[in-house]
């Protein structure tokens with residue numbers, strides 16, 4: 001007799017289109033790093049320039065290589081940033097949450113979108129076009145300066161990822177990714193830190209530059225060593241210090 005499958009501890013919330021209200025939009029715009037220091041009336045004016053669009057799970061929002069004409073801000077739901085290897089393999093670069101932005105604008109140094117963005121859950125996305133966003137930058141020069149700083153930080157992070165993929169062991173890379181996801185999605189459940197995001201072995205393999213088989217072996221070893229607890233598409237961190245030691249961050 002087969003043992004019953006473990007029930008996932010994740011609390012997945014489904015986004016409904018009608019939940020992307022004006023109050024939510026204003027709240028999210030106030031959380032965006034380059035809009036955060038503006039006033040409530042500024043946020044109301046900026047909100048009037050955005051239009052919202054709903055995406056179903058797995059629906060593509062923008063494609064890598066397409067002309068960069070829009071900037072996207074997540075109001076509700078989660079978005080995957082992807083690239084494809086020369087062999088056509090899908091590589092998961094990041095998982096974005098409400099208040100984070102993606103896309104690019106040709107006026108800010110990007111002629112094309114650097115990554116493909118795909119809805120990880122049902123999403124409500126705020127969208128603004130290139131010419132309209134130029135009006136925002138002209139009215140608030142400080143926004144442009146902050147945006148440049150943020151983009152420079154993202155470039156540094158991307159360079160660090162390249163270093164990790166080329167210099168660190170698979171164990172160190174996966175430990176580092178689990179720590180990053182724990183900081184972003186972790187929710188304390190007793191003595192564990194549950195990553196409140198569906199996470200498959202394929203996702204971990206894509207983020208770490210490993211094969212799915214190698215990622216599965218490493219995760220099994222981590223579980224055996226008491227560093228994590230995991231099931232189908234979920235992970236809980238038990239020994240953060242142990243993962244930090246493996247990642248070289250202790």
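The values are calculated or read from the model by the stated rules, or taken from the named source; none is laboratory data. This structure is a prediction, so every number in the text was calculated from the model and none was measured. Glycine gets a Cβ as well: all are built from the backbone with ideal geometry, and neighbour counts include every protein chain shown.
With the condition kept exactly as written, say whether any residue in the range 140-156 is under 15 Å from the mean Cα position of the chain (by Cα) and within 22 Å of residue 59 (Cβ to Cβ). No, the range 140-156 has no match at all. Of all residues in the range 170-186, one or more are without any contact (Cβ under 8 Å) to a residue 60 or more places away in the chain, within 24 Å of residue 229 (Cα to Cα), assigned by TED's automatic domain parsing to the domain that holds residue 233 and in a strand (DSSP E or B).
Of the candidates 116, 97, 132, 121, the single residue that is touching a strand residue (DSSP E or B) at 6+ places or on another chain (Cβ under 6 Å) and either without any contact (Cβ under 8 Å) to a residue 12 or more places away in the chain or in the same structural domain as residue 32 (by TED's automatic domain parsing) (or both) is 116. The sole residue among 126, 194 that is outside the structural domain of residue 227 (by TED's automatic domain parsing), surrounded by 15 or more Cβ atoms within 10 Å (Cβ to Cβ) and modelled with pLDDT of 90 or more is 126. Annotation: of all residues in the range 96-123 being modelled with pLDDT under 90 and in a strand (DSSP E or B), the one that is nearest to the chain's Cα centre (by Cα) is 103. Filtered by the rule that a residue be out of contact with any helix residue (DSSP H, G or I) (no Cβ under 7 Å at 6 or more places or on another chain) and at pLDDT 90 or above, the range 202-216 gives a lone residue, 213. Only residues that are surrounded by 12 or more Cβ atoms within 10 Å (Cβ to Cβ) and at pLDDT 60 or above were counted in the range 5-45, giving 23.
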